[in-house]
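J.: The structure that follows is given in the form of structure tokens.
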Amino acid sequence: MRIDRCLEILVPGCVLAGALFIVTDAAKALGVIQSASTLTITGVALLLIGATSGLMNYVITRRNSRLLATEAAQVISAGKAKFLEVPDSALGPLVVAMNDCFLATEKSVQHAMAQVKELEIQLKVATSQRQQARAIIYSINDAVLVTDSFDEILLANDAAGKVLGLDTADIQRKPIDQVISDPTFVSLIRDMRASKSRNERRVVEHRIRRNGKDGVFKLTLSAISEGGAESSGVVAVMHDMTRENEIARMKNDFVSSVSHELRTPLSSIRAYVEMLVDGEAQDEKTAKEFYDIILGEANRLGRLIDNILNISRIESGLVEIKRQPLSVLVLVKEAIEVIAPQAKLKNIRLEEHLEPSFYQTNADKDMLYQSVLNLLSNAVKYTPEGGTITVRTGVDEENRKLSVRVIDTGVGIPPKDLPFVFDKFFRVEANKNVAKGTGLGLSLVKNIIETVHGGKIICESKVGRGSCFGFELDLC
Ligand code: ADP
């Protein structure tokens with residue numbers, strides 16, 4: 001029932017009760033009515049008044065309760081603690097209790113919100129740290145694999161994918177023995193995870209077969225400890241030692257090759273000088289022969305020492321470059337003349353296809369000369385008796401380039417070795433017995449052409465058919 005309807009009924013009731021009371025009182029005063037009926041009427045009036053005020057009280061209390069309940073509901077549903085006005089009625093203590101409850105709730109909510117904010121910040125920091133760690137792990141060249149306490153893969157960078165032959169996009173949370181086919185590697189990780197000693201780190205040399213080749217790796221295994229009896233995971237880092245071992249081996253080879261290369265011409269020079277001193281060259285022709293040999297060996301010695309020194313000078317940036325416009329044609333002819341006697345000794349035919357031109361390049365004469373000489377010397381060294389060496393020069397006017405090519409019919413280089421022939425100390429295994437060397441000649445040529453002169457190296461080869469080494473330089 002609406003409040004205004006209640007009032008419509010109650011107000012006339014009250015007025016009636018009041019009127020009855022007044023009439024009864026007046027009649028009693030005038031002595032018009034008897035005391036019994038007076039009492040009866042008075043009783044009825046009192047009863048009516050009592051009922052009316054009770055009803056009014058009930059209606060008002062209900063109305064206030066509803067208003068209070070509605071306000072409380074709004075406050076609660078709005079999620080904000082707003083304190084209710086304490087009514088001066090029986091609901092007062094309830095409202096006070098509710099306000100206390102609001103206060104306590106408000107404090108709890110504020111505390112929880114602060115905790116949420118703190119957790120949000122911590123989450124942001126942790127996410128960015130996690131991303132940084134991932135970026136670091138993914139950018140390093142070493143292979144990194146992280147496993148959890150169930151020996152499942154948590155993370156594997158691209159290098160690990162390559163080394164272990166894994167598709168890194170599809171291995172998360174997979175057991176290691178299901179994705180890694182190397183049983184030794186799997187058991188090394190398992191042993192490390194199960195190891196009782198915390199923060200343990202083990203470094204082992206491990207061989208992994210890749211593309212039909214054995215790769216040597218320094219495998220560092222670190223247990224991730226979170227305080228339990230067993231570790232909660234393992235971090236495995238694989239550092240490829242193959243190249244380092246190769247370089248160490250090449251350096252050893254180099255030292256023995258250099259000492260051999262230095263000693264051979266030196267012994268030769270000493271022997272011929274001794275023969276001359278002892279008067280063994282009885283005629284002038286023989287003496288001239290001896291002198292030529294001595295000169296040739298001295299030149300060989302000089303070239304070797306130049307190669308070694310020039311490489312280290314260029315690499316350290318200490319070399320003094322004297323650039324000048326020069327005709328490559330003239331320079332190539334000089335080099336051919338120097339190498340011709342060696343070619344003749346092996347019955348190798350030297351063909352020249354030198355385009356007569358007025359074009360010049362801006363270069364350091366001695367360095368360029370040494371490059372051409374090294375290419376010619378290699379062609380003679382790695383071409384068997386009776387072969388042919390063709391020297392070509394050319395000019396590409398449109399692109400303003402000149403080129404020099406030394407083409408031989410020699411032993412050639414296997415495709416797998418071709419990318420490394422310009423590396424310092426590198427010698428093709430298959431050709432080691434064909435000629436002595438230090439593995440420095442081509443490295444120097446590349447340094448001179450590309451690093452010093454900004455040119456481009458040309459290199460093509462076929463095993464058993466021959467090789468073509470050369471370079472391109474800008475025209476002046
Ligand atoms: P080296 O002193 O050993 O000749 P280089 O740096 O000049 O060193 O050459 C590196 C390797 O490249 C050589 O050991 C050789 O195996 C290979 N090589 C260079 N030139 C030729 C060529 N013309 N024919 C075949 N192999 C070659």
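The values are calculated or read from the model by the stated rules, or taken from the named source; none is laboratory data. It should be emphasised that the depicted structure is a prediction, and the values quoted were computed from it without experimental measurement. When we count neighbours, we look across all protein chains shown, and the Cβ atoms used for this are built from the backbone with ideal geometry, even at glycine.
J.: Let me spell it out: the conditions are (1) closer than 29 Å to GLU320 by Cα; (2) in a loop (DSSP other than H, G, I, E, B), and SER377 meets all of them except one. Which number is the exception?
T.: (2) is the only condition that SER377 fails.
J.: Would you please list the contacts, defined by Cβ atoms under 9 Å and residues six or more apart or on different chains, that run from a residue in the stretch 155-178 that is closer than 19 Å to HIS239 by Cα and modelled with pLDDT under 90 to a residue that is part of a helix (DSSP H, G or I) and of a type in the set (Asp, Glu)?
T.: Note: pairs meeting the criteria are THR168/ASP158.
J.: Now, a different point. Across the stretch 448-476, what is the total count of residues that are assigned to a strand (DSSP E or B), away from the ligand (no atom under 11 Å from the Cβ) and among the hydrophobic types (A, V, I, L, M, F, W, C)?
T.: 4
J.: Out of the stretch 381-428, which residues are over 30 Å from SER357 (Cα atoms), of a type in the set (Asp, Glu) and either surrounded by 21 or more Cβ atoms within 10 Å (Cβ to Cβ) or within 8 Å of the ligand (Cβ to nearest atom) (or both)?
T.: ASP417
J.: Quick test for you: out of GLY454, GLY470, GLY386, GLY441, pick the one residue that is closer than 24 Å to GLU261 by Cβ and not basic (Lys, Arg).
T.: GLY441
J.: OK, next. Which condition from (1) hydrophobic (A, V, I, L, M, F, W, C); (2) in a helix (DSSP H, G or I); (3) more than 16 Å from the ligand (Cβ to nearest atom) is the one that LEU262 breaks?
T.: Single failed check for LEU262: (3).
J.: Another question about this same structure. Can you find even one residue in the stretch 441-450 that is within 25 Å of LEU309 (Cα to Cα) and of a type in the set (Asp, Glu)?
T.: Yes.
J.: Condition first: out of contact with any His (no Cβ under 6 Å at 6 or more places or on another chain), of a type in the set (A, V, I, L, M) and under 30 Å from ALA236 (Cβ atoms). Can you find one or more residues in the stretch 103-124 that meet it?
T.: Going through the stretch 103-124, the residues out of contact with any His (no Cβ under 6 Å at 6 or more places or on another chain) turn out to be 103-124.
From what is left, the residues that are of a type in the set (A, V, I, L, M) are 103-104, 109, 112-114, 116, 119, 121, 123.
With the extra rule that they be under 30 Å from ALA236 (Cβ atoms), the set shrinks to 123.
Yes; the residues of the stretch 103-124 include at least one that is out of contact with any His (no Cβ under 6 Å at 6 or more places or on another chain), of a type in the set (A, V, I, L, M) and under 30 Å from ALA236 (Cβ atoms).
J.: If you don't mind, there's one more thing I want to ask. Working only within the stretch 419-442, note down all residues that are in contact (Cβ under 8 Å) with a residue 60 or more places away in the chain and touching a helix residue (DSSP H, G or I) at 6+ places or on another chain (Cβ under 6 Å).
T.: LYS424, PHE425, PHE426, THR438, LEU440, GLY441
J.: Give me the strands (runs of 3 or more DSSP E) completely within the stretch 271-368, filtered to those with at least 2 residues that are of a type outside the set (Ser, Thr, Tyr) and within 18 Å of VAL380 (Cβ to Cβ), ordered by residue number.
T.: Numbers: elements: 323-326, 349-354, 361-364.
It comes to 349-354.
J.: Would you pick out the residues in the stretch 338-361 that are under 19 Å from ASN399 (Cα atoms) and surrounded by fewer than 14 Cβ atoms within 10 Å (Cβ to Cβ)?
T.: Answer for the stretch 338-361, where residues must be under 19 Å from ASN399 (Cα atoms) and surrounded by fewer than 14 Cβ atoms within 10 Å (Cβ to Cβ): GLU355, PRO356, PHE358.
J.: Condition first: polar (S, T, N, Q) and touching a Cys at 6+ places or on another chain (Cβ under 8 Å). Now tell me which residues in the stretch 441-476 satisfy that.
T.: SER461, SER467, listed by residue number.
J.: Out of GLY296, GLY215, report the one residue that is over 30 Å from ASN374 (Cα atoms) and surrounded by 15 or more Cβ atoms within 10 Å (Cβ to Cβ). It would help to see each step written out before you state the result.
T.: Numbers: GLY296 fails: over 30 Å from ASN374 (Cα atoms).
Matching residue, one of GLY296, GLY215: GLY215.
J.: Then there is this: So which residues in the stretch 311-339 are touching a residue at least 40 places away in the same chain (Cβ under 8 Å) and out of contact with any Leu (no Cβ under 7 Å at 6 or more places or on another chain), if there are any at all? Break it down into steps so the answer makes sense when it comes.
T.: Step one: list which residues in the stretch 311-339 are touching a residue at least 40 places away in the same chain (Cβ under 8 Å), which gives 311, 314-315, 319, 321-326, 328-329, 331-332, 335-336, 339.
Residues satisfying the conditions are ILE314, GLU315, VAL319, ILE321, LYS322, ARG323, GLN324, PRO325, LEU326.
J.: Then there is this: If you scan the stretch 224-250, which residues turn out to be exposed (fewer than 12 other Cβ atoms within 10 Å of the Cβ) and under 21 Å from ILE308 (Cα atoms)?
T.: ALA248, ARG249
J.: Report, by residue number, each residue of the stretch 220-256 that is part of a helix (DSSP H, G or I) and either more than 39 Å from the chain's Cα centre (by Cα) or without any contact (Cβ under 8 Å) to a residue 24 or more places away in the chain (or both).
T.: ARG243, GLU244, GLU246, ALA248, ARG249, ASN252, VAL255, SER256
J.: Scan the stretch 391-414 and report the pairs whose first residue is within 10 Å of GLU472 (Cα to Cα) and whose second residue is assigned to a strand (DSSP E or B) and within 9 Å of the ligand (Cβ to nearest atom), with Cβ atoms within less than 9 Å and a gap of 6+ or a chain change.
T.: As it stands, the answer is ARG405/CYS468; ARG405/PHE469, since those pairs meet every condition given.
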